[in-house]
Every structure is written in C-alpha cells, then in structure tokens.
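Scroll down for the structure; my scribbles are underneath it.
The values are calculated or read from the model by the stated rules, or taken from the named source; none is laboratory data. Quantities reported herein were computed from a predicted structural model and do not represent experimental measurements. Cβ coordinates were reconstructed from backbone atoms using ideal geometry, including for glycine residues, and neighbour counts include every protein chain displayed. All accessible areas refer to the heavy atoms of the entire protein, side chains included, with ligands and DNA or RNA removed. Shrake-Rupley method; radii C 1.70, N 1.55, O 1.52, S 1.80 Å.
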Amino acid sequence: MTAVRSLVADRVRIPFRRPFATASGMWVEREAWILRLIDEDGRVGLGEAVVEPGDGEVAETILTALVRETVEGAAGGLPTLVDLEMHGAPGRALAAALASAAWDLDAGSASRDDEDEGVGVNATLPSLGPAAAAEAAQQAVESGFVTLKVKAGAERETEVLVERVRAIRAAVGPDIALRLDVNGAWDLATATDRLEAIARFDIEFVEQPLAAHELDGMAELRRRVSVPIAADEAAASVRDVRGLIEAEAVDVIVVKPVRVGGPAAVREIAALAGNAGVPVVISTLFETGIGIAAALAIAVRLPDVVGDRWPDPLDHGLATAGLLEHDLLVRSLLVEDGRMRVPGGEGTGTLGVSLDLAALGRFRVDSVGSIG
C-alpha cells in the first residue's frame with residue numbers, strides 16, 4: 001500500500017428517518033466513526049467503524065480510545081486485525097474500517113466490470129402489525145425487491161407472528177423470498193413452536209433465533225424444524241464461524257464485515273463456509289453509505305455457494321442506508337430491481353463512492369486528526 005500521510009477520524013450521530021423496532025430494542029440514531037486515510041499523493045481512502053448497541057457504553061468507550069490512539073500514531077504505521085483482535089468487538093470494528101480505507105486507496109483492486117451488475121439485496125421490514133407489515137412488504141416488492149427480511153422476536157404469542165407472516169405472504173404472493181430476523185430473542189422451546197407454526201409460509205431462513213451463545217441449542221433446533229437456520233450475532237469472528245460449522249448448527253452464515261474485522265476475515269469465513277456447503281450472506285449494522293459500500297465491495301467478490309437447497313445465490317442484507325436521514329455519500333448507492341451497485345462516476349478507489357463533506361460536518365460530533 002502507498003505510504004500514509006495522515007489519518008482523520010470523525011464521529012457522527014445520524015438519526016433514523018423513523019424509529020426502527022427490532023427484538024433487541026428501538027433504533028433512533030446511529031453513531032459511527034468515519035475514517036479518511038490520506039496517502040502521499042493526497043488520495044483519500046474511506047472506512048467506517050461501528051459497534052452494536054448491545055455491546056454497551058464500554059464498547060463505545062474502547063472504540064473511541066482505539067480510534068484516538070490509532071490516529072495519533074498513524075505516522076508510525078497502522079495496526080492490523082491481529083493487533084486489534086484482543087480488544088474484541090471494538091478492535092475488530094476499527095480493523096475493518098482501516099482495512100476498508102486501505103483497500104479503497106488501492107485503486108488497482110477496483111473492478112468496475114465485476115460491479116456493474118451489483119448484487120441482489122433484501123428489503124428490511126421493521127416489527128409491525130399484520131396490516132402495516134403487509135403494506136410495507138407490498139411497497140418493497142413494487143420497488144423491485146424479491147427478498148424481504150422481517151424483523152421478529154418481540155411477539156408475546158406465537159399467533160401474533162403467524163398473523164404477521166400470513167399477512168405478508170398473502171400480500172406478496174408465493175414467489176417472494178421471506179426471511180425472519182429474531183436477534184436471539186427466543187429460547188429453544190419457543191423457537192421450535194414458532195418455526196413449526198410458520199413453516200407453511202415457505203420461510204427462506206430464520207436469522208439468529210436463539211441467543212448467540214446457544215451453540216448446542218442452535219444445532220438441536222436445526223434438527224427439530226424444517227426452516228433453515230442462519231447465524232448472525234453468533235458469527236462474530238472467524239473462530240465463532242468455525243465452531244458453528246463444526247457443530248452443524250447452521251444452514252446459512254450472515255456476516256457483517258465490520259463485526260468480524262473486515263475483508264480478510266470475511267474471505268476466511270467464506271472459505272470455511274464454502275467448504276461445508278454453507279452460503280454466506282453479507283449484511284450491515286446500519287452503517288452509513290461508507291460502511292455499506294465496503295460491504296458491497298466484499299459481496300460482489302464473494303464466491304457463490306449453491307446446491308440442491310440453494311439453487312441460486314442468496315440476496316445480501318445491504319439495503320439499509322435509506323433508514324438513516326443521510327448516508328454521507330455525494331451520490332447514494334443504487335438499488336434497482338432488487339440489486340445494489342455503486343453509482344457511476346464517483347470515487348476512483350475500490351469502494352467507488354465519495355464522502356459528502358457538508359453532510360459529514362452536519363452530523364459530526366467529534367473529530368481526531370487533520371488532513372494536513
């Protein structure tokens with residue numbers, strides 16, 4: 001990589017357009033660190049570091065300390081994932097952002113021909129009542145999406161979930177893929193009961209039905225029900241994914257690059273999963289357009305895993321920037337006919353996007369380093 005002249009990090013706080021309900025709570029705003037890595041020619045590479053709200057204030061504090069330390073020591077070299085892994089989720093998040101920025105600077109790795117068609121993506125629907133869920137699903141399908149991910153897990157009764165899924169399936173017809181995302185909210189008995197109750201609605205897979213640490217429970221649930229099981233929160237590192245595969249606990253791995261440490265970690269996970277015939281779906285932690293562009297760049301290069309159960313590549317979970325008031329991009333990532341790609345004419349690096357400096361200033365709450 002070209003020698004680094006400076007590193008700048010800006011912390012932003014961006015409200016959601018509307019509060020977004022999940023089983024783990026209500027999202028009202030997103031905090032993120034936006035990194036700009038500047039080389040000796042003045043070119044800028046972009047990256048984004050975020051942690052999950054469930055990680056708590058301690059994780060945010062650790063990430064802030066790591067960002068400050070890294071910016072102040074950038075002239076002496078940048079830490080790697082190996083260096084940062086000991087700090088857990090905040091360390092992997094920073095490693096992912098640094099890797100993204102370095103990758104973005106490496107214009108030689110940009111491959112616009114590969115990215116012209118982009119990748120298939122799902123629409124994400126919040127936890128709503130049956131009528132509202134059906135209407136939101138129908139609007140998503142009219143917009144071109146062929147895969148819908150429905151947030152679930154907060155229901156007190158199985159029948160509440162059944163009514164919602166029934167309404168969505170009736171609204172969109174039999175050819176639209178439906179996924180559920182439970183965010184680890186169920187126990188084994190509840191998951192068994194609810195998945196058996198909705199299996200008739202042809203669910204593509206259910207994401208993280210049990211808590212992330214319930215490895216044995218995930219394996220048992222997979223034996224009990226016909227609905228395919230996906231890991232999300234449980235796939236927090238390469239080591240975690242290896243354990244999931246060895247335990248035969250999953251049918252699909254949902255990978256958030258910022259959670260696992262960036263492109264290199266995703267490649268290792270994809271190799272492990274591919275060897276086991278397990279597809280990988282790339283997803284986000286409600287990042288801005290910077291983090292999503294990095295995830296998209298990974299997704300377009302991901303080898304597809306197909307077979308009897310998965311005859312076609314699975315759509316990725318990347319179409320979330322529109323949930324925020326601004327994506328921080330000069331030109332937004334394009335989502336057309338259920339596919340996402342980078343906008344033409346923007347950015348010369350691997351990510352193919354440009355940072356909107358006015359928007360960055362509008363939402364900035366902290367800053368470290370300078371371009372000089």
Can you go through Gly54, Gly88 and tell me which one is on the phi > 0 side of the Ramachandran plot, under 21 Å from the mean Cα position of the chain (by Cα) and part of a helix (DSSP H, G or I)? Gly88
Is it the case, given these coordinates, that Ala95 is over 22 Å from Glu336 (Cβ atoms), aliphatic (A, V, I, L, M) and not in a loop (DSSP other than H, G, I, E, B)? yes
Can you name the residue in the stretch 154-169 that is basic (Lys, Arg) and more than 26 Å from the chain's Cα centre (by Cα) and is also least open to solvent (accessible area, probe 1.4 Å) among such residues? Arg166
Qualifying helices (runs of 4 or more DSSP H) (wholly inside the stretch 244-333; at least 2 residues being open to solvent by 50 Å² or more (accessible area, probe 1.4 Å) and charged (D, E, K, R)): 263-275
Any chance you could count how many residues in the stretch 25-58 are surrounded by fewer than 20 Cβ atoms within 10 Å (Cβ to Cβ) and within 30 Å of Gly153 (Cα to Cα)? 13
Is there any pair linking a residue in the stretch 286-304 that is farther than 24 Å from Ala276 by Cα to one that is part of a helix (DSSP H, G or I) and aromatic (Phe, Trp, Tyr), with Cβ under 8 Å and at least six apart or on different chains, and which? Ala294/Trp103
Taking the stretch 129-147 as the region of interest, how many residues are in contact (Cβ under 8 Å) with a residue 40 or more places away in the chain and under 18 Å from Ile203 (Cα atoms)? 3
Inside the stretch 170-197, the number of residues satisfying the requirement of being farther than 21 Å from Ala234 by Cβ and either among the hydrophobic types (A, V, I, L, M, F, W, C) or within 25 Å of the chain's Cα centre (by Cα) (or both) is 8
Please determine whether any residue of the stretch 22-35 is in a helix (DSSP H, G or I) and touching a residue at least 12 places away in the same chain (Cβ under 8 Å). no
Answer with yes or no whether Ala191 is of a type outside the set (D, E, K, R) and touching a Leu at 6+ places or on another chain (Cβ under 7 Å). yes
